[in-house]
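Okay, so here's the structure we're looking at.
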Amino acid sequence: MAMAVLEQSAAIAGSLRWHGQSELLMKSSRTGEHYGSRLPHHTGGVSLFRNGSKAQDLTGLLSLCRRSTVKALAAPAQAAPAVSDPVLQEALKRAVAKKAVELVKPGMIVGLGTGSTSSMAIEELGKLISKGKLKDVIGVPTSYQSRVLARQFGVKTVDLNDVNHIDLAFDGADEVEASMNLIKGGGAAHTMEKVVDNMSGKCVILVDQTKVVSELGLSFPLPVEVLPYAISPVLRSLVALGGVPEIRSALRKDGPVITDLGNMVVDVRFPEGIKDPAALECSINMIPGVVENGLFIGIADSVLVATHDGEEITIVELAEFVKSLSTASQESAKT
């Protein structure tokens, strides 16, 4: 089955018809990270969109995507101060990961998120188990990556279908706003993450201060998992919703990213941001062929934010962090 999915995806990718000699911004990614590269257009091939005798040329859609993408990239995203030092950002993630595992009690069933911060939390959980400080803890992984990491660090895992409840889930996020609504999916695992996080008695989201934004979608695209068979009509529907969709291409293989569930990922930019996340989540999930999108609305019970003041790192709840940003902004306006 996996081979059939890959062959189908390759056929879809091969059907793309590129026009002109300009460049199209494509997305490449690996788990938890995004990389932008510019790939030249090629001529030849066949159109992606065909509907009986009415063949829809991809040129117009790509032209729209390029114009809208420029606007989207130019839109200023109001967020917390950036962390330019990778060592500091690593320290922030490690600190919030350690804080998260303090919430785990003996005998708990724990949802294991996917991504760089969640990976650190899995590692820290394994350390506590190996030291005998936590016993009878079982993890429910949200991806192949989290399953492998759990086994590597000594955390026993079971499949989701083997449990009827999850006590606690910890997970990361690509963006979070003041109402604890999230964008996830940078690691292409958002479908299983949403299932596990929603099923948990308490879902705790772990972020550093750079992930807190005033409005979702201004800087980070919305990932949408799509059945390979339905990629063409789904792309058209996402454009109709005002999005600028791009099929996510793989970093270390030719062709598209394929999820653990055998599907493709489309990253959708919204040039003016996402004004009504709940409505958009429903609208996208109503498109036939969409498996799940990366908007997590009303799922998070707590968001822990790792912040820093010089070399001092502090973990605070999201509401406290947002309040501190507002206070700082008001004081800055006075001066």
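The values are calculated or read from the model by the stated rules, or taken from the named source; none is laboratory data. All values reported here derive from a predicted model rather than from experimental measurement. Ideal geometry is used to build each Cβ from the backbone, glycine not excepted, and the neighbour counts take in all protein chains shown. The area values use the complete protein model at the heavy-atom level, side chains included, leaving out ligands, DNA and RNA. Shrake-Rupley method; radii C 1.70, N 1.55, O 1.52, S 1.80 Å.
Worth a mention:
- In whole angstrom, the stretch 225-335 maps to an equivalent ellipsoid with semi-axes of 36, 18, 14, each derived as √(5λ) from the alpha carbon gyration tensor and ordered largest first.
- Per DSSP, loop GluC sites (Glu not before Pro) in the stretch 287-335 with at most 14 further Cβ within 10 Å: 311
- Reach of residue 275 by Cα under 15 Å, taken over aspartates and glutamates that are not fewer than 8 positions away in the same chain: 175, 177, 215
- Taken over the stretch 171-232, the percentage of Cα pairs per 10 Å bin, counting from 0 up to the bin with the maximum distance, is 21, 49, 25, 6.
- Whichever aspartates and glutamates have a C-alpha closer than 15 Å to that of residue 253, once near sequence neighbours (fewer than 8 apart) are set aside: 7
- Hull-based mean projected area of the stretch 78-232, where the convex hull spans the alpha carbons, in square nanometres: 10.3 nm²
- Accessible surface of the stretch 143-290 [probe 1.4 Å, protein heavy atoms]: carbon and sulfur percent: 53 percent
- Heavy-atom accessible surface of residue 259, to the nearest 10 Å², is about 10 Å², with a 1.4 Å probe and all protein chains retained.
- Whether the stretch 159-301 is rounded, prolate or oblate, judged on the alpha carbon gyration tensor where a/c under 1.5 counts as rounded: oblate
- Accessible area per residue, Å², the stretch 150-201 with all protein chains present, probe 1.4 Å: 40 Å²
- Residues of type lysines that residue 127 reaches as a straight line, Cα spacing below 28 Å, ignoring anything fewer than 8 places off in the same chain: 93, 98, 99, 105, 135, 156, 184, 194, 202, 211
- The stretch 97-185: GluC sites (Glu not before Pro) falling in loop per DSSP and having at most 10 other Cβ within 10 Å: 102
- Inverse mean reciprocal Cα-Cα distance (Kirkwood Rh) of the stretch 218-274, Å: 11.7 Å
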